[in-house]
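Since the structure comes first, as structure tokens, the remarks are kept for the end.
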Amino acid sequence: MTDNRRFILVHRPHGTPVSDDFSLVTEPIPMPAAGSFVVRNHYASLDPAQRGWMDDVPSYMPPIPLGDPVRATTVGRVHTSANPDFKIGDWVLGLNAIEEYSLVAPGGFTQKIDVSLVPSPTNFLSGMGAVGLTGYFGLLDAGQPMEGDTVLVSGAAGAVGSVVGQIAKIKGCRVIGIAGGEEKCRRLIADYGFDAAIDYKGKSVDALAREIHRAAPEGVNVIFENVGGDVFDAELLNLAMHARIVLCGLIAEYNSPEKHGARNIWNILVKRATLRGFLIADYVDRFAEGGVQMAQWFGTGKLRIDEHIEPGIENAYDAFMMLFSGKNEGKLILQIAE
């Protein structure tokens, strides 16, 4: 093959992205200069954070430039190389893009991986990758759960949320999950071992707050927040004294042109709670530590990791939008190559 298909950002989305914000273009495969190499991407991670990277606003990462492919963590194999540390055929994990071939410059974020350690290379984008480690370090290091605590997880049926709930159960906590729809709530209990599941759909802040109170009448000790919006406001009305809130994501706000933020934040003061922003990028130097424990739990059946793989780079837009419709069941991954 001599062509490289790339999923390009052509317009800044206003609210919910539309298909015209993107274009699938075909360009020549890049050639590596001294010290660089080219990766044939087999799989790309689809994550809510990518929506934030499309806006031209200050953030923890620079916005995706218009005319560039959408940034993504990928798993693939070295295609051509001018770097002696990366040989043709090596499996690698890196922050690249939704494209068939990525040019990796010296000093990039790409690293070699041993795919023989896992059932599928995709596991490096789910349980053994940033998603699983977000749950691991986000809960244990930022949330500091103690045995007997009540842990509340929003977006609980998602890739990160389901991991957080399972780890909390391993640590002896009572776990409540918030998810959208009867089927997702069923899965929280049947597949992931949550103690209670709450469907947020069609409920006001007050109604949702009352349901949380019924599930946790003494309040919630740890909140792992992935959603924001009305869900977060309802949770804030149910804090236990000295609760810890881990702010990992705000998916309800990502496509909203006007961000209203949390209106019940006063309760953090009343309950002397702690609100902490969490990014997995701060834990790169501890990935090996977390990976060993995650692999042990996964290997002994204590931890279940589900993946939802959508085939074809030509389906990148439709697959990406599943993040916001909630149609995916498990970590959402785009398959780019066989």
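The values are calculated or read from the model by the stated rules, or taken from the named source; none is laboratory data. The shown structure was predicted, so the numbers you read here are calculated from the model rather than taken from an experiment. Note: ideal-geometry Cβ built from the backbone for every residue, glycine included; neighbour counts use all protein chains shown.
Looking at this structure, is L93 within 20 Å of the chain's Cα centre (by Cα) and assigned by TED's automatic domain parsing to the domain that holds L46?
On the way: within 20 Å of the chain's Cα centre (by Cα): yes; assigned by TED's automatic domain parsing to the domain that holds L46: yes.
In short, yes.
Tell me, which residue of region 5-14 that is outside any loop (DSSP other than H, G, I, E, B) and touching a Gly at 6+ places or on another chain (Cβ under 9 Å) is farthest from Y101 (Cα to Cα)? Even if it seems obvious, please write down each step before you answer.
Restricting attention to region 5-14, the residues satisfying the condition of being outside any loop (DSSP other than H, G, I, E, B) are 5-9.
From what is left, the residues that are touching a Gly at 6+ places or on another chain (Cβ under 9 Å) are 8-9.
Details: I8: 13, L9: 17 Å.
Among residues in region 5-14 that are outside any loop (DSSP other than H, G, I, E, B) and touching a Gly at 6+ places or on another chain (Cβ under 9 Å), the one farthest from Y101 (Cα to Cα) is L9.
From G172, G181, G165, which residue is of a type outside the set (V, I, T), over 20 Å from I268 (Cβ atoms), in the same structural domain as W266 (by TED's automatic domain parsing) and surrounded by 18 or more Cβ atoms within 10 Å (Cβ to Cβ)?
Details: G172 fails: surrounded by 18 or more Cβ atoms within 10 Å (Cβ to Cβ); G181 fails: surrounded by 18 or more Cβ atoms within 10 Å (Cβ to Cβ).
Of the residues listed, the single one that is of a type outside the set (V, I, T), over 20 Å from I268 (Cβ atoms), in the same structural domain as W266 (by TED's automatic domain parsing) and surrounded by 18 or more Cβ atoms within 10 Å (Cβ to Cβ) is G165.
From (1) touching a Ser or Thr at 6+ places or on another chain (Cβ under 9 Å); (2) more than 21 Å from R214 (Cα to Cα), pick out the condition that doesn't hold for G299.
(1)
Mind telling me which of the residues P65, P17, P32 ends up being surrounded by fewer than 16 Cβ atoms within 10 Å (Cβ to Cβ) and part of a loop (DSSP other than H, G, I, E, B)? Talk me through it step by step, then tell me what you get.
Values: P17 fails: surrounded by fewer than 16 Cβ atoms within 10 Å (Cβ to Cβ); P32 fails: surrounded by fewer than 16 Cβ atoms within 10 Å (Cβ to Cβ).
That would be P65, the only listed residue that is surrounded by fewer than 16 Cβ atoms within 10 Å (Cβ to Cβ) and part of a loop (DSSP other than H, G, I, E, B).
Need the failing condition index for G108 against (1) in a loop (DSSP other than H, G, I, E, B); (2) farther than 16 Å from Y43 by Cα; (3) of a type in the set (G, A, S); (4) in contact (Cβ under 8 Å) with a residue 40 or more places away in the chain, just the number.
(4)
Scan region 149-188 residue by residue and report those that are among the hydrophobic types (A, V, I, L, M, F, W, C), in contact (Cβ under 8 Å) with a residue 40 or more places away in the chain and in a helix (DSSP H, G or I).
Selection gives A159, V160, V163, V164, I167, A168, I170.
Out of all the residues in region 274-299, which are surrounded by fewer than 18 Cβ atoms within 10 Å (Cβ to Cβ), among the aliphatic types (A, V, I, L, M) and under 25 Å from S120 (Cβ atoms)?
A281, V284, A288, V292, A295
Being in contact (Cβ under 8 Å) with a residue 60 or more places away in the chain and more than 26 Å from T26 (Cα to Cα) is the filter here; which residues of region 122-134 pass it?
Residues of region 122-134 that are in contact (Cβ under 8 Å) with a residue 60 or more places away in the chain, as a first pass: 122-123, 125-134.
Answer for region 122-134, where residues must be in contact (Cβ under 8 Å) with a residue 60 or more places away in the chain and more than 26 Å from T26 (Cα to Cα): N123, S126, G127, M128, G129, A130, V131, G132, L133, T134.
Considering only region 288-323, state which residues are hydroxyl-bearing (S, T, Y) and in contact with a Leu (Cβ under 9 Å, 6 or more places away or on another chain).
Correct list: Y317 only.
When region 3-14 is examined, which residues are found to be under 23 Å from S81 (Cβ atoms) and either surrounded by fewer than 17 Cβ atoms within 10 Å (Cβ to Cβ) or touching a Ser or Thr at 6+ places or on another chain (Cβ under 6 Å) (or both)? Let's see the steps before the verdict.
Step one: list which residues in region 3-14 are under 23 Å from S81 (Cβ atoms), which gives 3-6.
Selection gives D3, R5.
With respect to D191, determine if the residue is under 23 Å from Q296 (Cβ atoms), modelled with pLDDT of 95 or more and surrounded by fewer than 21 Cβ atoms within 10 Å (Cβ to Cβ). Can you show your working first?
Working: under 23 Å from Q296 (Cβ atoms): yes; modelled with pLDDT of 95 or more: yes; surrounded by fewer than 21 Cβ atoms within 10 Å (Cβ to Cβ): yes.
In short, yes.
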